[in-house]
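Participant: Let me begin by handing over the structure; questions about it come next.
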Amino acid sequence: MNDISEYVKFIEINGGSASLQDIIRSYQSAHHMVILSEHKSIILKCLKEHPSEVFYNSLLDKWFLTEKNEINKCPFLYVSENKFFRTISEAMVYCFNKAVPLSQGYFTVGDGEKAWFPQPQNDNWENTLSPDGKIWYEKPKNDSVDYAPDNCKRYVFEHSSNGYRFTGVFIPKGLAENNIRVYEIVDDKVMVLSKRQNSVRLQGGKITG
C-alpha cells in the first residue's frame, strides 16, 4: 500500500483526477480486498508523502497528478499547488505568456478577463482574502476614490513576503457595507500558456458556494 506508482496509475485511469474514495475503489478492484479504516490511513499517508507525484485540491476534494506527470495533458496551475512567483512579470509570462510593465498590477488577459495583483500597501485600496480563500474584498480607503467596477473575471495573485501566489478565478458579486467590493471564486485553476502557447485557455470545473 506504499507504492505511489500504483496510485498514480489509478488517478490516470480516472481521467487525471480522483477522490480518495475513487482511489480506494480502484485499489479494491485491483487487489480483490476490503479496505478497512487503517488501510485508508496508509493510502492517504502515502499520497501525502509524495508531492512530487500527486497533490490534493481541497476545493475539488480530489487528488491530481503533479506538473511533471501532466505537463502535456493538463497544463494548469492550481491554487492548491501554492506556487510563488518572485515578480508580477514572472507570473504574467508563466501563466499568460505576456510581458507587462513592472509598475502596474491589473492587466487584460482575454475578452472580459483580467489578471489582478492586489497590493497590501495600496494607497487607495485595502485588499483582503477571506480565510477560506473563496472571497476577495476590495475596500476603498478614501470615499472620494473614483472607481467604477469593470465586472471582469479576475485571475487573482496574492502578494506576500514569498512573492505572488495564484488564489483562483474570481467574479464580482456586488457591494457589501462601507462600499466594499466583493469577488467570489468560480474556478481554482489557470491554464499555463507558457507551456502550451497556441492553446485557448480552457474554462470549466467551476467552484460554487
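Participant: Taking the conditions exactly as written (assigned by TED's automatic domain parsing to the domain that holds VAL186 and more than 25 Å from ILE135 (Cβ to Cβ)), does THR66 satisfy them or not?
Facilitator: Working: assigned by TED's automatic domain parsing to the domain that holds VAL186: no; more than 25 Å from ILE135 (Cβ to Cβ): yes.
Spelling it out, it is not the case that THR66 is assigned by TED's automatic domain parsing to the domain that holds VAL186 and more than 25 Å from ILE135 (Cβ to Cβ).
Participant: Would you mention how many residues in the stretch 159-174 are farther than 13 Å from GLU81 by Cα and surrounded by fewer than 20 Cβ atoms within 10 Å (Cβ to Cβ)?
Facilitator: Just the residues of the stretch 159-174 that are farther than 13 Å from GLU81 by Cα, to begin with: 159-163, 169-174.
Now drop any that are not surrounded by fewer than 20 Cβ atoms within 10 Å (Cβ to Cβ), which leaves 159-163, 171-174.
Selection size over the stretch 159-174: 9.
Participant: In the stretch 159-191, how many residues are farther than 18 Å from GLY112 by Cα and hydrophobic (A, V, I, L, M, F, W, C)?
Facilitator: Number satisfying all stated conditions: 4.
Participant: Sticking with this one: Filter the stretch 119-142 down to the residues that are in contact with a Ser or Thr (Cβ under 9 Å, 6 or more places away or on another chain), in a loop (DSSP other than H, G, I, E, B) and more than 18 Å from LYS189 (Cα to Cα) and list them by number.
Facilitator: Scanning the stretch 119-142 gives a single hit, PRO120.
Participant: If you don't mind, there's one more thing I want to ask. Only one of (1) buried (at least 17 other Cβ atoms within 10 Å of the Cβ); (2) free of Cβ contacts under 8 Å to residues at least 24 places away in the same chain is not met by ALA99, so which one is it?
Facilitator: Exception for ALA99: condition (1).
Participant: Now a separate question. Run down ILE35, ILE42, ILE23 and say which single residue is more than 25 Å from PRO131 (Cα to Cα), modelled with pLDDT under 90, hydrophobic (A, V, I, L, M, F, W, C) and not assigned by TED's automatic domain parsing to the domain that holds ASP187. Working first, answer last.
Facilitator: On the way: ILE42 fails: modelled with pLDDT under 90; ILE23 fails: modelled with pLDDT under 90.
After applying the criteria, what remains is ILE35.
Participant: Hey, does the stretch 42-53 have a residue that's crowded, with 18+ Cβ neighbours inside 10 Å and within 19 Å of the chain's Cα centre (by Cα)?
Facilitator: yes
Participant: Counting only residues that are within 28 Å of the chain's Cα centre (by Cα) and not basic (Lys, Arg), how many does the stretch 28-41 have?
Facilitator: Applying the first criterion (within 28 Å of the chain's Cα centre (by Cα)) to the stretch 28-41 yields 40-41.
Subsequent filtering for residues that are not basic (Lys, Arg) retains 41.
Total satisfying the criteria: 1.
The values are calculated or read from the model by the stated rules, or taken from the named source; none is laboratory data. Computed from a prediction, not measured in an experiment: that's the story for all the values here. FYI the Cβ positions are ideal-geometry reconstructions off the backbone, even for glycines, and counts take in every protein chain you see.
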